[in-house]
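Down below is the structure, laid out as structure tokens.
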Amino acid sequence: MTTLTITDLHASIGGKKILNGINLTVSSGEVHAVMGPNGAGKSTLSAVVMGKPGYKVTAGSVFLDDIDLLALPTWQRAQAGLHLVMQYPTEVPGVAVVDVMTEAFKARGRTTDDVAQMLRTESARIDFDEAFLERSLNVDLSGGEKKRNETLQLAMLRPRIAILDELDSGLDIDALRDCARRVEDATNQDGLGALVITHYSRLLEELKPDVVHILVKGRIVESGGPELVDVLERDGYAAFESAVPDDEPSALDDLFAGPGTLR
Ligand code: ADP
Ligand code: MG
């Protein structure tokens with residue numbers, strides 16, 4: 001049993017506050033959906049938890065069980081069992097999926113004897129063309145093929161907790177179903193815990209959330225069961241957005257804030 005615990009997480013980029021106190025707990029086998037409008041801070045949340053450079057964590061903590069993730073570089077977070085499926089997968093010319101997986105297995109102390117066979121089995125499972133296994137990672141792949149590729153890597157690496165940042169963006173319906181089902185299987189069969197970021201309900205028809213959180217202006221304003229998805233589908237985010245005050249004071253404002261300053 002593994003638990004990702006995000007506590008009162010505040011983060012900024014370029015002096016602009018994006019995350020304003022996120023609290024989230026995801027355990028093995030659970031699916032948590034995070035839904036929110038464009039610019040709410042969903043990708044920022046995934047980037048900060050995974051350790052993408054450029055973000056400044058100004059308060060809060062992120063733990064994987066008792067491991068303080070914010071103290072670790074990204075590769076050590078991955079080795080600890082955290083995995084990120086990126087909204088926009090990176091193209092890596094000259095490096096094939098099979099090479100990436102072989103090195104990742106070595107880094108985790110896993111035998112590489114069965115990498116090739118596993119890749120073939122997993123590719124078939126999500127209808128990913130085996131020809132891409134030997135080609136440069138994500139180069140010249142369609143949106144759907146890239147997301148199948150990302151899903152393939154997730155299946156191979158068997159992380160304990162995965163963050164999926166808009167797995168559904170750039171996907172056609174068939175690819176969406178294949179990828180979402182594979183992740184759903186991992187949660188049921190391997191006990192994967194998943195934090196699924198999306199702003200559409202369609203993904204969640206295959207990848208069934210236990211809890212749905214609504215992220216607006218850098219904070220979670222509502223958490224509930226799957227029925228929240230239907231509320232959003234019907235009413236949109238407007239009611240949730242208007243409940244949050246507009247501009248959080250930015251880091252720049254803080255420079256001018258002092259005793260006696262009216263704010
Ligand atoms: P979402 O994924 O919910 O659409 P993001 O986390 O990508 O939102 O972005 C949240 C806010 O942070 C947006 O207003 C965006 O413009 C801003 N932002 C994201 N990255 C940067 C950056 N590198 N520099 C400045 N602002 C950024
Ligand atoms: Mg995003």
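Nothing in this text is a laboratory measurement; each read-out follows from the coordinates by a stated rule. Just so we're clear, the structure is a prediction, and the values are computed from it rather than from any experiment. Neighbour counts run over all protein chains shown; Cβ positions are idealised from the backbone, glycine included.
Below, the figures for the structure above:
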{"read-out": "Inter-label distance, nm, simple model (7 Å from Cα along the C-beta direction), residue 174/residue 102", "value": "3.1"}
{"read-out": "Inter-site label distance for residue 117 and residue 25 at 7 Å from Cα along Cβ, in nm", "value": "4.1"}
{"read-out": "Relative contact order (%) - the chain, alpha-carbon pairs under 8 angstrom, separation at least six", "value": "27"}
{"read-out": "Whole-angstrom Cα spans of the range 1-120 along principal axes, big to small", "value": "45, 35, 26"}
{"read-out": "Difference of contour (0.36 nm per residue) and Cα-Cα distance, residue 65 to residue 185", "value": "40.9 nm"}
{"read-out": "Subset of 147/217; 146/208; 56/217; 56/147 violating a 19 Å alpha-carbon distance limit", "value": "147/217; 146/208; 56/147"}
{"read-out": "Stokes-Einstein diffusion coefficient of the chain, Kirkwood radius over Cα pairs, 4 °C, 1.567 mPa s, in µm²/s", "value": "67"}
{"read-out": "Residue 58/residue 200 FRET efficiency (R0 35 Å; Cβ-Cβ; nearest 0.05)", "value": "0.70"}
{"read-out": "Estimated FRET transfer efficiency when R0 is 51 angstrom, pair residue 227-residue 110 (beta carbons, to 0.05)", "value": "0.80"}
{"read-out": "The chain: most fluctuating residue of 177, 219, 110 per GNM, C-alpha cutoff 10 Å", "value": "110"}
{"read-out": "The range 114-174 - convex hull of alpha carbons, volume per residue in Å³", "value": "89"}
{"read-out": "Kirkwood Rh, Cα atoms: Rg over Rh of the range 193-232", "value": "0.92"}
{"read-out": "Extended-chain gain in nm, criterion 0.36 nm per residue less alpha-carbon gap, residue 239 and residue 7", "value": "81.0 nm"}
